[in-house]
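Take a look at the structure below.
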Amino acid sequence: LLLQESARLHQPECDPRAAAGQALAEVGLGGRSGAVSAELSGGELRRIGIARTLLARPRILIADEPTAGLDAALKSELVELMLTRAGARCAVVLISHDLPLVLWAMRRVCVLSAGLIVDTFTPDELKDGSVRHPQTHALLRAAGLDMGVRS
């Protein structure tokens, strides 16, 4: 029902039931439309969250730790689903402490310290050793990714 309300609000030109059903199908939950939240796994609940968000057809999607508490395989699947379904017209900002996931999923990485951006780089620049800030080095070491990065 929440998906239908989102569809009614953000896609008034569409039948809310059909739009909600399509959103569920797009996130791989087409057969779960009658399920209540207590019957769904954590990953399924996150997929429904993605469906609800994407019904709004956002131009920017800010995802703050969307994969917290999920296993590695489900993390990458969920982020890939989010990026694919968001589409080319939607900018995605992924906020995460999971640096390997961020490096895999994003084209540009920003490192924050005390609320300020202290370093930015692409995954390729990371391989080239051009990362500069000590906070970046600390994050890389903590993730087991200190790839001989120069200080």
(Q) Taking the condition of being among the charged types (D, E, K, R) and crowded, with 17+ Cβ neighbours inside 10 Å, how many residues in the range 84-99 meet it? (A) 2
Q. Scanning the range 56-75 for residues that are under 28 Å from Ala18 (Cα atoms) and among the small types (Gly, Ala, Ser), which turns out least open to solvent (accessible area, probe 1.4 Å)?
A. Ala63
Q) Before we move on, is Leu81 touching a Lys or Arg at 6+ places or on another chain (Cβ under 8 Å) and surrounded by 16 or more Cβ atoms within 10 Å (Cβ to Cβ)? A) yes
Q | Pairs, first in contact (Cβ under 8 Å) with a residue 60 or more places away in the chain and assigned to a helix (DSSP H, G or I) in the range 69-80, second open to solvent by 80 Å² or more (accessible area, probe 1.4 Å) and of a type in the set (Val, Ile, Thr), C-beta under 7 Å, six or more apart | A | none
Q. Under the condition of being within 21 Å of Arg52 (Cβ to Cβ) and polar (S, T, N, Q), which residue from the range 77-117 is modelled with the highest pLDDT?
A. Ser96
**Q.** Filtered residue count, the range 15-55, keeping only those that are open to solvent by less than 40 Å² (accessible area, probe 1.4 Å), part of a loop (DSSP other than H, G, I, E, B) and within 23 Å of Ala88 (Cα to Cα)
**A.** 2
Q: With respect to Val102, determine if the residue is closer than 19 Å to Lys75 by Cα, surrounded by 13 or more Cβ atoms within 10 Å (Cβ to Cβ) and of a type outside the set (Asp, Glu).
A: yes
Q. Say we look at the range 105-125 and pick out the residues that are touching a Leu at 6+ places or on another chain (Cβ under 8 Å) and assigned to a strand (DSSP E or B); which of these is surrounded by the fewest Cβ atoms within 10 Å (Cβ to Cβ)?
A. Val118
Q | Scan of the range 1-14 for residues that are outside any helix (DSSP H, G or I) and open to solvent by 80 Å² or more (accessible area, probe 1.4 Å), ordered by number | A | Leu1, Pro12, Glu13
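The values are calculated or read from the model by the stated rules, or taken from the named source; none is laboratory data. Keep in mind that this is a model prediction, so the values were computed, not measured. Positions of Cβ are generated from backbone atoms using ideal geometry, with glycine treated the same way; all protein chains shown enter the neighbour counts. Please note that ligands, DNA and RNA were not included when accessible areas were found on the heavy atoms of the full protein model with its side chains. Shrake-Rupley method; radii C 1.70, N 1.55, O 1.52, S 1.80 Å.
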